[in-house]
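To start, the structure itself, in C-alpha cells.
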Amino acid sequence: MTDHALYRSHNHHDSRPHVVIVGGGFAGISAMESLAKAPVDITLIDRNGYHTFQPLLYQVAAGGLNPGDVTMSFRAIAARQPNVRFRHGNVVQVDTQEQVVTLHDDTKITYDYLFIATGVTANFFGIPGAQEHSHIIYTRRDALATRDHLFSRLETLAQSVGKEGEFNIVVVGGGATGVEVAGAMAEMAVEALPRAYPELDPNKIRVYLVEMGEELLAPFKERIRDYTAAALEKRRVILKLGTAVEEITDDEVVLSDGSHIASKSIIWCTGVTAPEDVKRWQLPQGPGGRVLIDPECRVVGFQNVFAGGDVSADTVEPLPQLAQPATQHGTHVAAQIERLLAGEPLEPFQYDNKGIMATITRNAAVAQLPGGQTGATCPGAGTSTSSSATCTPNKASANISARQTASRGIRAGAPVLMRARPTRKRLGRAGTAGWCGPVCCCSRRPG
Ligand SMILES: Cc1cc2nc3c(=O)[nH]c(=O)nc-3n(C[C@H](O)[C@H](O)[C@H](O)COP(=O)(O)OP(=O)(O)OC[C@H]3O[C@@H](n4cnc5c(N)ncnc54)[C@H](O)[C@@H]3O)c2cc1C
C-alpha cells in the first residue's frame, strides 16, 4: 500500500456494492447508464477526462470537425447520474485476488464488480517501420497529430509552389475505417483544398489506399465492394489491392509488388490489439491479446470480473469490433450485475446484429442489413444526423450513438475545412437535440 488511502468514491454508501468500470467508451458508458437505478456505487475510470466518439475521429484528422465535436467531459456525463463518480487515471494493474485496481499514480481502488472496457489500439503486425512512421486514429490526440501533420505538409507544399513537389497520402487497410479515411482525404484534396490552398495544383496531391486482400470492405457483398471501389476511384483515390505493405521508411512505403510510394504521410487503418497495460493484467487472452470472455461476458475463470467491447474476445462467437457490440455488451454486463445482486442466474449474451454500414464520402455510403439487403449511396449522407437517420436501416449503431452524443449537448465548432451549415430543414428532429457535425455517423466498421 502507498501513501494513497485505499480509494473508494467518497459520498457513496459504503454498504452498497462497488462497481468499477475501466474505460468510458461505448461499452463502459452503456454499462454505467444501464446501472443508473441499481443499488450500487459506480466508479468510472478513464485515462482521458473525456469520452471520445471514435467513429468521427477521421473527420477531425481531415479537418472537417474539431476535437470538441467528438468528445464530451466525463464530469458532465457523471454529473447526470447520482450513483457515479469519475476518476481520471490510467489503470496499470488489476489484482483479481484482492479485488483492487491500481492507477498510474499508485492509487488503489477496490471493487466488488469490475467491468473492463478499455477498447483497443493499432496492431502493426511487426512490419518494419510501420509503428515509427505511421499515424493512427484511435484517440483525440492521434487525430489531432494526424491533422497537424497533414496541414503542415500542405503549408510546406504551398511554400514550394513552382518547384517540384508532390504530396502522397497513403492509407493502409481497406476495411471500413480505411475506406472512410481515404474517402475523407480524397474529398479534402478534390473539393476543399482548391478553395483553401488556391496556389496548389490539386493533381500533386494523391491519395493511395493499400489493401492486402483483393477487395475493399471484405465483409460486404460483391456489388457493394465494387460500388465502393468505383466511388473512391471517381474521387481519384489510387487503389492498390492485393498488395501488402512490406516496410515503411522515413520517406517511402515499400509494397509487396515491388513498387515504392514516396510519402511521409501514412495513415494506418488495419489491425487491432489490446492496449499493452491490459496485456499485463494476467487475464486470459485471445487474439491480439484481447481479454477472453465466456458467453455471460465474464472474463473466463472469474465470477465478478466482466469485459466487453473491442477489448473482449468471445470464446464462442467472435463479434465485429464496432460500436453496437460494445454498447450491447455494456447493457448486458449491467443486467448481469443486477442479476448477481438479486441472486439470479446469469444469461448468455446474444448479439442483435443491426447490419453494417460504411461512409465513403459525404454523399456516398453503403449498407448491408442482416437479412442480406444492401444499399449504396445515401443522398444527403454526411450532412446531418437526420439525413443519416433516413439512410440508416434499423437504426445502425454509430448513428444512434452519435445522436445520443449530440443530445448530450455537443455542437459543431469551427472546423478547418468543409464546414456545412446546419439548417432547420437538414436537422429535422435531431435539430432539437443538437448537431454532430457536417459528416454523418451512419458508418459502421466491419471488424
Ligand atoms: C477511426 C475509427 C472509426 C470507426 N468507425 C466506426 C463506425 O463508423 N461505426 C462503428 O460502429 N464503429 C466504428 N469504429 C469502432 C468503434 O469506435 C469501436 O468499436 C468502439 O469505440 C469500441 O468501444 P469500446 O467501449 O470497446 O472502446 P473505446 O470506445 O475505445 O473506449 C475505451 C475507453 O477506455 C479508455 N482506456 C483505455 N485503456 C485504459 C486504461 N488502462 N485505464 C483507463 N482507461 C483506459 C480509453 O481512454 C477510452 O475512453 C471506429 C473506430 C475507429 C478507430
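The values are calculated or read from the model by the stated rules, or taken from the named source; none is laboratory data. Keep in mind that this is a model prediction, so the values were computed, not measured. Positions of Cβ are generated from backbone atoms using ideal geometry, with glycine treated the same way; all protein chains shown enter the neighbour counts. Side chains included, ligands, DNA and RNA excluded: accessible areas come from the protein's heavy atoms. Shrake-Rupley method; radii C 1.70, N 1.55, O 1.52, S 1.80 Å.
Go ahead and run the numbers for FRET between VAL316 and ALA158, Cβ-Cβ distance against an R0 of 51 Å, rounding to 0.05. E(calc), rounded to 0.05, equals 0.40.
Taken one residue at a time, the phi angles of region 148-157 give Karplus couplings (6.51, -1.76, 1.60, θ = phi - 60°) of 4, 4, 4, 6, 6, 5, 5, 5, 4, 5 Hz. Gly and Pro are set to x. Couplings for region 14-29, taken from phi via the Karplus curve 6.51 cos²θ - 1.76 cosθ + 1.60 with θ = phi - 60°, read 4, 7, 8, x, 10, 9, 10, 10, 9, x, x, x, 4, 5, x, 5 Hz in order; Gly and Pro are left as x.
What ratio of Cα Rg to 2.2 N^0.38 Å holds for region 130-268? Please list the in-between numbers first.
Values: Rg = 14.7 Å, N = 139, 2.2 N^0.38 = 14.3 Å.
Cα-based Rg divided by the globular estimate yields 1.03.
Solvent-accessible area per residue in region 130-268 equals 45 Å², computed with a 1.4 angstrom probe and all protein chains kept.
Per-residue 3J(HN,Hα) values for region 211-220, derived from phi via the Karplus relation 6.51 cos²θ - 1.76 cosθ + 1.60 with θ = phi - 60°, read 9, 6, x, 7, 10, 7, 6, 3, x, 8 Hz in sequence order (x marks Gly and Pro). A simple spin-label model places the labels of ASN353 and LEU144 3.9 nm from each other, with each point 7 Å out along Cα-to-Cβ.
Each peptide in 231-244, 358-371 was scored by the mean count of other Cβ atoms within 10 Å over its residues; highest first, the order is 358-371, 231-244.
Less than 5 angstrom separates the built amide H of PHE349 from those of GLU296, CYS297, all sequence-distant by 5 or more or on a different chain. So, counting K/R as plus one and D/E as minus one, what does the shell of residues with Cβ under 11 Å around TYR208 add up to? Result for the local shell: +2. Ligands, DNA and RNA left out, the 1.4 Å accessible surface of region 130-268 is 47% carbon and sulfur atoms.
Bridging of LYS204 to lysines at a Cα separation below 27 Å is possible for LYS163, LYS234, LYS240, LYS264, once same-chain residues fewer than 8 apart are set aside. Along the Cα-to-C-beta direction of PHE151, a point sits 7 Å from the Cα; which residues of region 173-198 have their amide N less than 14 Å from that point? Of the residues in region 173-198, 193, 196-197 have backbone N under 14 Å from the label point off PHE151.
In whole percent, and with a 1.4 Å probe on the protein chains, what portion of the accessible area of region 7-86 is carbon and sulfur?
Working: 1390 of 2610 Å².
With neighbouring chains kept in place, the figure for region 7-86 is 53 percent.
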